[in-house]
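Okay, structure first, notes after.
The values are calculated or read from the model by the stated rules, or taken from the named source; none is laboratory data. Note that the coordinates shown come from a computational prediction; the quantities given were computed from them, not determined experimentally. Cβ placement follows ideal geometry from the backbone for every residue including glycine, while neighbour counts extend to all protein chains displayed. When the accessible area is computed, the model is the full protein with side chains, heavy atoms only, and any ligands, DNA or RNA have been set aside. Shrake-Rupley method; radii C 1.70, N 1.55, O 1.52, S 1.80 Å.
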Amino acid sequence: MSHHRHRRRNSLPVLLPGQAFPSVDQAMGPASPAPGLLAAGGCLDVPTLTAAYAQTIFPWFNAGEPILWWSPDPRMVLAVQDFRLHRSLRKRLRRFQNDPACAIRIDSDFERVIRACSEAPRSGQSGTWIGQDMIAAYLDLHAAGHAHSVETWAGGQLVAGLYCVSVGRAVFGESMFTRVADGSKIAIAALVAFCRAHGLPLIDCQQRTPHLASLGAREIPRQQFLDQVTALSAQPAPASWQFQPVYWNALMPSPLSYAQVDAP
């Protein structure tokens with residue numbers, strides 16, 4: 001019997017479009033060749049993607065591969081109260097904040113951000129996992145109000161940014177790019193400030209990297225993350241995804257107080 005269970009766990013479920021996902025505890029374990037891999041197939045429409053994220057599942061696949069669905073254990077998560085604002089970044093943010101030519105915008109050009117992320121060079125990768133199918137799917141998700149771009153602008157130019165997914169009050173970081181020093185760090189800091197101001201407690205970072213760990217993200221058990229996401233995804237989303245400069249006070253308190261927006 002144990003042999004049969006072992007064999008079933010190592011056979012990857014192939015989903016039909018619209019078919020429900022298997023339980024995330026069926027994902028491949030840390031000792032497997034593909035830790036966190038849960039299923040293949042299905043589709044990338046808005047209902048499937050929102051259902052996936054609400055269950056801690058996300059798509060990740062290369063060109064020429066079927067759609068692959070993942071839910072790693074442990075999961076890299078940034079609790080926004082744990083964000084580490086290092087002194088050098090704080091100084092850069094103060095300069096950014098005080099420069100009238102610099103601004104944070106949310107959702108002013110989502111397509112440019114995701115396409116820039118798809119073209120950004122990645123250490124140890126020859127290609128990109130953000131192919132045309134993924135771009136089209138996340139443009140639809142953006143149109144449905146579940147995908148957002150946080151953009152760093154300077155001198156009228158988009159110089160850095162990231163995009164993320166939101167389901168209810170749960171936020172899932174996806175990818176980032178930058179063309180200037182610390183540009184993507186400024187975008188991350190802006191997302192953290194937005195989340196703090198709106199009472200959104202965590203940002204999913206998917207998998208561990210030294211950069212994310214240096215900013216305060218840490219690995220937590222998948223079941224703990226699933227419990228948090230289940231609760232948060234059922235709660236009302238922020239009324240508006242727009243960035244206000246006063247949100248910086250959530251990171252760098254100033255003499256001017258700010259009122260929390262949409263706090264639960």
Quiz prompt | Residues that are under 21 Å from PHE61 (Cβ atoms) and free of Cβ contacts under 8 Å to residues at least 24 places away in the same chain, drawn from region 88-117 | solution = ARG115
Practice problem: Only residues that are surrounded by fewer than 20 Cβ atoms within 10 Å (Cβ to Cβ) and touching a strand residue (DSSP E or B) at 6+ places or on another chain (Cβ under 7 Å): list them for region 175-197, please. | Solution: THR178, ARG179, VAL180
Self-check item: Qualifying residues in region 130-155 (those that are surrounded by 14 or more Cβ atoms within 10 Å (Cβ to Cβ), in contact with a helix residue (DSSP H, G or I) (Cβ under 7 Å, 6 or more places away or on another chain) and over 22 Å from ILE104 (Cβ atoms)) - the one modelled with the lowest pLDDT
Solution: ILE130
Quiz item: What about ALA160, is it open to solvent by less than 10 Å² (accessible area, probe 1.4 Å) and farther than 30 Å from ALA231 by Cβ?
Solution: yes
Quiz item: Which helices (runs of 4 or more DSSP H) sit wholly inside region 156-264 and have at least 3 residues that are modelled with pLDDT of 95 or more and aliphatic (A, V, I, L, M)?
Solution: 183-197, 222-233
Quiz item: Within region 28-46, how many residues are closer than 19 Å to GLU174 by Cβ and outside any strand (DSSP E or B)?
Solution: 6
Exercise. Test each condition in (1) buried (at least 20 other Cβ atoms within 10 Å of the Cβ); (2) not in a helix (DSSP H, G or I) for LEU49 and report the one that comes out false.
Key: (2)
Quiz prompt | Residue check for LEU85: under 14 Å from LYS185 (Cβ atoms), assigned to a helix (DSSP H, G or I) and open to solvent by less than 80 Å² (accessible area, probe 1.4 Å) | solution = no
Exercise. Residue by residue through region 21-79, note down the ones that are polar (S, T, N, Q) and free of Cβ contacts under 8 Å to residues at least 40 places away in the same chain.
Key: SER23, GLN26, SER32, THR48
Practice problem: Only residues that are open to solvent by less than 50 Å² (accessible area, probe 1.4 Å) and closer than 27 Å to ALA143 by Cβ: list them for region 241-256, please. | Solution: TRP241, PHE243, TYR247
